[in-house]
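Every read-out reported here was derived from the displayed coordinates using simple, explicitly stated rules and does not represent laboratory data. In this text the structure is predicted, and so the values were computed from the model without any measurement. Positions of Cβ are generated from backbone atoms using ideal geometry, with glycine treated the same way; all protein chains shown enter the neighbour counts.
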């Protein structure tokens, strides 16, 4: 009910689009996460054009579009601008990628699962540096690997940096298609077509890859990843020691060793300590699409319930499956009630904690954290744990299997070795260990086999496009052109087409540019354009208040991405952004060189634009990693940023910058702002003109305050001639 109340304007817009355009379908809200719905229902694996068949493929405007590669459908995330171009008939251009082969052997052992496997794969492939490359999985380990495990691995391709992680079609693909209720006619067509075309998985074939890796899955151990990046894997037995190291290094300057006594919530009083798990969320298509780990989590909850355990009172718990089918089989197995008994109630079907929709912590807990600078934690079964993404109150965020999410909710802290220390006590005071409540794989297999049936899929998707009565009740105009409402704080006519001509512009040199932000490594699109909560004292929050929106109705940045006024104010507004131009601050602050004052990046950008001064962003490695979020590029453009100079870019954000006319430049090997003696106070000139070619060298001059200059060479990361035209 709240979802429809808050987002009705957005849903009206979608319903208008469904009526206005041909070949445009809308899966209504409250159905699930699109990647899981695609896996369970939409994808056909082979396309039938009547007179010809061809392989199914997909380009999606979310980076986790890659999940469908687990089904043998080649797909990857693209920027919104690329997708919009494709929708009006333009092809998607790319450099032919290297293909990395990843050989899987052996099988998972008792105590490890698909989440542990994908965290190991992510660590390995990040170290292998696969940005811009395809990864293909092969080897004898695939023969018995269920498709749900493949989808989990394919889903996290953005986290390991690849364009996609592909699993060829084989018998496991057909088994899943039958389980999910696809027709026998389609399955037979896929079988015959892929074998006839030589696309069927065949490990006897010798394939030459650009490079290769190998993993024996029997060596995979239970693990988490964090506290800031998905590739930073921590074996469960090392978690306590690693947490304590991170508290004194990663979070140096924060934390309170004494904790906060007498915090009261829900009628209970407790001491809140560093390492307290304040959010435990079973969330995200990465894991909720996998019956093994979902049933496993339910069994941990059942066993904990029988032992008299429940979550700690300071832990905010939630269950948000990626589709309604998950609820069907959890109910059939009697596990929903067990999950509820330890606090995991259904909150909806969609992206929640994983994208920052965790909701506020209870006031008493939030105040205790912020007033005493506690470093608390979240544990979630998602795919991303970047700074500031999960909750503005939570600094340490860990990815884990749904089973471990339940376990850490029971423990209430990450400052524990769950392999050796008691997770709690039963009513008689006897210690209960994780091993006492952990299910065996045979127990999981038995319930999965008995509880999941094709009818659950066919029934849930029989009228999927019809939607709920609330969706059906939403009225909208039927017209070719959308009727903009100037009073809306959700949907506004965008400024991108103002003054647009039919002919492309001329590329001109950039001169007199000042640095808006000087950032470090691993700056994510969440740092650049957050999707979560809007702070009341932020530029975006003040805008909403000025427009009559009460604090409780702010919703999130993600829900207001149809309003450029909100999103531009939110650019670089992540509370964990550390801009080196404003030392000692955290959040969207900078030094405005028009007056030398420290102020919000948004306010400084307005001053630069008023003075007709272009701006530059300096960064480190992997700039723009994470979500495909095109607003990270759109917001940069609307702030007046003309060029971003970094050590390396993630693929989708680089593409989005080009589409918005922001020039992406990379330092040459061995160079970065610090090595060049650049502190961000310089004035920059970039020697580009209308003769710009893809991947050419570009000279940059930085003029220091003392009148001296530093000239250096960069590589233009406009990679193809077509991208040059888009930039122009």
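Packing, taken as the mean count of other beta carbons within 10 Å per residue, orders the peptides 682-691, 66-75 from highest to lowest as 66-75, 682-691. Taking other C-beta atoms within 10 Å as the exposure proxy, 518, 634 rank 518, 634 from fewest upward. When both bridge partners sit in region 510-727, DSSP labels roughly 60% of those beta bridges antiparallel.
Distance between the C-alpha centres of region 643-669 and region 47-110: 23 Å, rounded to the whole angstrom.
If the chain linking residue 203 and residue 691 were pulled fully straight, counting 0.36 nm for each residue of separation and taking away their Cα-Cα distance, it would gain 170.9 nm. Measuring between their Cα centroids, region 369-444 and region 164-204 lie 38 Å from each other.
The length gained by stretching the chain between residue 705 and residue 421 to full extension, at 0.36 nm per residue less their Cα-Cα distance, is 96.4 nm.
In plain terms, the chain from residue 237 to residue 367 could stretch by 43.6 nm, reckoned as 0.36 nm per residue minus the Cα-Cα distance.
If each DSSP helix of 4+ residues adds -39,500 (n - 2.57) and the sum is divided by the residues in the chain, what number results at 222 nm, nearest 500 deg cm²/dmol? Please report the intermediate quantities before stating the final value.
Values: 26 runs with 226 residues, N = 728.
Here the helix-only value at 222 nm equals -8500 deg cm²/dmol.
Kirkwood radius, region 601-679, all distinct C-alpha pairs, inverse of mean reciprocal distance: 13.1 Å.
If both residues of a DSSP beta bridge must be in region 223-454, then about 45% of such bridges are antiparallel.
DSSP beta bridges fully contained in the chain are about 45 percent antiparallel.
What separates the Cα centres of region 275-334 and region 602-636 is a distance of 39 Å.
Listing 514, 201 from fewest to most neighbouring C-beta atoms within 10 Å gives 201, 514.
Taking the beta-carbon count within 10 Å as an exposure proxy, list 329, 408 from fewest neighbours to most.
Values: 329 22, 408 29.
Lowest count first: 329, 408.
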